[in-house]
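In what follows, a structure is listed as structure tokens, so that the remarks can point back to it.
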Amino acid sequence: MRFLLVIFLFCYPLHTSQAQELLKDDARAYRENGYKLQTAGDLQGALQYYEKAAQMDPYFGQVQNDLGIVYEAVGNNDQALAAYKKALEIDPNYLPTYTNLAFFYEKSGDIKNATIYWKRRYIAGEKGDYWWEVSRQHLIKLGTYPQVRKEIMEENAARLSREVIYKNEQERLMLAEEARLHFDVGNRALQEGEYDIAVREFSTVLSLDPVDRDIKSQTKDLYQESQRLYLRREALVNTENALDYIKNSDYLSAGDKLKNAISFLLRIIQDNK
């Protein structure tokens, strides 16, 4: 019994999904039949098919737009408006509904809302295409084109400004992350006595000029400490090498090493002033 229950629970979602797809297919078929009747002038027949399609698939945005057209054609303006708005709720990118709403409000004398939807259709189009030009002409007819054009320019300017700010912020975050990475590598190198690596990494952090003041302050201190330890080690190593050369009577090489040691010592003295 338990085995059968598991099989049922496993298969139930599959059957449900298949049933939903079949309903969507049926909805599309009803929509096509409704459209044929609509183009033939049978609005009541088209309405019945569209309503059935909407019942089968409540998220069929295109058929909601079709319902809006037929409702409007038969004089049911409230239902038409509700259907148009539901179509946009389902699919905000379905452009014909913006056009239909713009016509709807324009016919009713609602210039404000007509302008809103013509503007949205205008923005969604591209310069030169048919509905872009239709939208522009209707905005001109309504007397709102100059205002809409100005608003679009301001919106585009604001959008570009936001994009620049976002880009700068992303670059700042990337620099901060990179600076933190070099800081961690430098800190680890310092702890492990790899002073030359530490100096290089801390120098990189400072060149990135991180906005984090704490990181910058710590880096400056650690850079100085790494530099001092590096110079001291090099001075010691060169001195020890010089002594080895003296023991082997290689005075020329010993002199070179002593010069290097003195050079490192002078740099330490200079940094400590």
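For the chain, the longest principal axis of the C-alpha atoms and the axis of helix 251-271 are separated by about 60°. Against the main long axis of the alpha-carbon atoms of the chain, helix 95-107 sits at an angle near 50°. Where does helix 61-73 land angle-wise versus the long Cα axis of the chain, in degrees 0 to 90, nearest 10? Here the helix axis deviates by roughly 40 degrees. For Cα Rg over 2.2 N^0.38 Å, the candidate list reads (1) 1.06; (2) 2.05; (3) 0.95; the entry that matches the value derived from this model is (2). Among Tyr105, Tyr145, Tyr230, the largest mean-square fluctuation in a Gaussian network model of the chain, built with springs joining Cα atoms closer than 10 Å, belongs to Tyr230.
Using the 10 angstrom Cβ neighbour count as an exposure proxy, how do Leu208, Leu43 rank, fewest first? Mind showing how you got there, number by number?
On the way: Leu208 19, Leu43 16.
The fewest-first ordering by Cβ neighbours comes to Leu43, Leu208.
Below 8 Å, C-alpha to C-alpha, sequence gap of six or more: please give me the relative contact order for the chain in percent. For the chain, the relative contact order is 7 percent. Cut-off 10 angstrom, C-alpha nodes, Gaussian network model of the chain. Which of Ala53, Ala83, Ala73 fluctuates the most? Sorting by GNM fluctuation, first place goes to Ala73.
Starting from the Cα gyration tensor of the range 179-271, take the square roots of the eigenvalues, sort them a ≥ b ≥ c, and report rounded, prolate or oblate (rounded when a/c is under 1.5, otherwise prolate if a/b is larger than b/c, else oblate). Judged from the Cα gyration tensor, the range 179-271 comes out prolate (a/c at least 1.5, a/b above b/c).
With 10 angstrom as the radius, rank Val164, Val70 by how many other C-beta atoms surround their C-beta, starting from the fewest. Walk me through the numbers on the way to the answer.
Working: Val164 10, Val70 24.
Ascending Cβ contact count within 10 Å gives the list Val164, Val70.
Among Ser226, Ser207, what is the fewest-to-most ranking by other Cβ atoms within 10 Å?
Values: Ser226 25, Ser207 9.
Fewest to most other Cβ atoms nearby, the residues stand as Ser207, Ser226.
Only helices enter the 222 nm calculation for the chain: every DSSP H run of n ≥ 4 contributes -39,500 (n - 2.57), and dividing by all residues gives -30000 deg cm²/dmol, rounded to 500.
Which shape class applies to the range 24-92: rounded if a/c is under 1.5, otherwise prolate when a/b exceeds b/c and oblate if not, where a ≥ b ≥ c are the square roots of the Cα gyration tensor eigenvalues?
Judged from the Cα gyration tensor, the range 24-92 comes out oblate (a/c at least 1.5, b/c at or above a/b).
Readers should treat all values here as calculations from the given coordinates under stated rules, not as data from a laboratory. This one's a predicted model, so the numbers in the text were calculated from it and none came from an experiment. Here the Cβ is made from the backbone with ideal geometry for all residues, glycine too, and neighbour counts use every protein chain on show.
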